[in-house]
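To start, the structure under review is shown below, and the notes come after it.
The values are calculated or read from the model by the stated rules, or taken from the named source; none is laboratory data. Model, not experiment: these values are computed from the prediction. Neighbour counts run over all protein chains shown; Cβ positions are idealised from the backbone, glycine included.
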Amino acid sequence: MQKTTRKVLFSFGISLGVLLIAWIGNRLFPDLCSLPSMALLSLIVLLAAIWLTVSILIMATIWVFKRRGLPESEAIMIGRLMRLTSFFVLILAVAYGYGKLGTFGTLFSLFGGMVLGWSLQAPVSGFAAWILVSLKRPFRPGDRIQLPTLALTGDVKDIGPMYVILDQVGGTIGSEEAVGRDILIPNAMLFSQVVINYTVCQEAAYMLDEVVARITYDSDMEMAEKILLDAAREITKDIIAKTKTAPYIRSDLYDYGVYLRLRYQTSVQDRARIAYEINKRILVMIQQTPTVDLAIPYIYSYRAGMERREEDPSTPNGIYEGTSQVAVDRIPYQGEGIAAADIQKVALSIANEGLLQPVVLRAVADGQSYEILGGHLRFLACKQLGWKTIPAIVRPQVTGRQEPPDTKR
């Protein structure tokens, strides 16, 4: 602010000096350099007076902004606008002093009007868009709108003659909550953009939302549905009363269980918080309900995984439905013909991601050991990692022709 003030005071001093010199000159040489309409010194006095007035206005603006606690940048913006205005006034004063005001007006109407019209095309279009929006009201301050072609969603804060101001939604956090970052959309763009209004009726700004829970096949389906519906009814009871629309459930089957899709009406501008509250309530209730379990890929379920971890903590990654834990030293396979590099590669993968598939074994005649039918590399890799037991599907011993072991996996 001090730098700006010094500049204004400097301009103020120059203007006063010019006025003083012009006044003295006019006293000493009243007929100096006469012009058609006014004396040269009188013209200088007029120009200096205009500049002095602008300097006073800028200083007053700085003082007012400082008193109101507004940032310096805003005072600078207003000051620049005042200087630009004074520049055009100075040009008109010079034209008037030389008696060429009419000629200047003609030239401006021929060339300046064309340039001005071209430069004001977008502002004029924006002003027309503002009038149309004000009349038709496709959206209003407080609405949440989306501009798909700009990949932009926001809450409308203000609709002015030139710009629509949005409080951006998402952006840096990738959510559907306002982030407090204003975005100016030129009104002229509204003629070429598709605008989606999420809250056409502000008194009931609601939309359909969904929370997904994945449960195991052996879960109590009716109890799981009750947990989800009770959570939605509790969290959105006010919305249900206003919309008269109750939550409901749809489901899909997938490899590890059932997708339960809880669908409910939610507030557009409070969607993220409501979804969080519903998810939290569902998780707490499932943890308190033994007959409902969450499905987890590769482990089958959360409870099944934890139970097997407690039974055999020495094998942290070997948790599978329908498998047995077999001691590694009961499998006498030594890996003949398998390259050490291949074993190392599989061992690194298991160390990072876990054993995603059990080995397949068959008991031999002595009843004390097993032969590998499938998963030779996986077995050698787990043995190299120091596992004491390994998850295995144990097939019964058969007589007659033996099934050849698969040494490729």
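Summary table below
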| read-out | value |
| --- | --- |
| Qualifying residue in region 214-222 (condition: crowded, with 19+ Cβ neighbours inside 10 Å, under 29 Å from Gly170 (Cβ atoms), among the small types (Gly, Ala, Ser) and modelled with pLDDT of 85 or more) | no |
| Residue list for region 248-273, restricted to those being outside any helix (DSSP H, G or I) and either at positive phi or within 22 Å of the chain's Cα centre (by Cα) (or both) | Gly257, Thr266, Ser267 |
| Given (1) part of a loop (DSSP other than H, G, I, E, B); (2) exposed (fewer than 15 other Cβ atoms within 10 Å of the Cβ), index of the condition Ala241 fails | (1) |
| Residue that is modelled with pLDDT of 85 or more, surrounded by fewer than 16 Cβ atoms within 10 Å (Cβ to Cβ) and of a type outside the set (S, T, N, Q), where the choices are Pro332, Pro358 | Pro332 |
| Every residue from region 363-382 that is in a loop (DSSP other than H, G, I, E, B) and closer than 11 Å to Val394 by Cβ | none |
| Of all residues making up region 274-311, the number that are modelled with pLDDT under 90 and either aromatic (Phe, Trp, Tyr) or within 27 Å of the chain's Cα centre (by Cα) (or both) | 3 |
| Residue in region 225-233 that is surrounded by fewer than 19 Cβ atoms within 10 Å (Cβ to Cβ) and out of contact with any strand residue (DSSP E or B) (no Cβ under 9 Å at 6 or more places or on another chain) present | yes |
| Counted residues, region 193-238 - those being closer than 20 Å to Asp155 by Cα, assigned to a loop (DSSP other than H, G, I, E, B) and over 22 Å from the mean Cα position of the chain (by Cα) | 2 |
| Hits in region 343-362 - residues which are in a helix (DSSP H, G or I) and charged (D, E, K, R) | Lys345, Glu353 |
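Here is a yes/no grid of residues against (1) assigned to a helix (DSSP H, G or I); (2) surrounded by 13 or more Cβ atoms within 10 Å (Cβ to Cβ); (3) at pLDDT below 70:
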{"site": "Leu81", "(1), (2), (3)": "yes, no, no"}
{"site": "Ser86", "(1), (2), (3)": "yes, yes, no"}
{"site": "Val89", "(1), (2), (3)": "yes, yes, no"}
{"site": "Gly99", "(1), (2), (3)": "no, no, yes"}
{"site": "Phe104", "(1), (2), (3)": "yes, yes, yes"}
{"site": "Phe108", "(1), (2), (3)": "yes, yes, yes"}
{"site": "Leu116", "(1), (2), (3)": "yes, no, yes"}
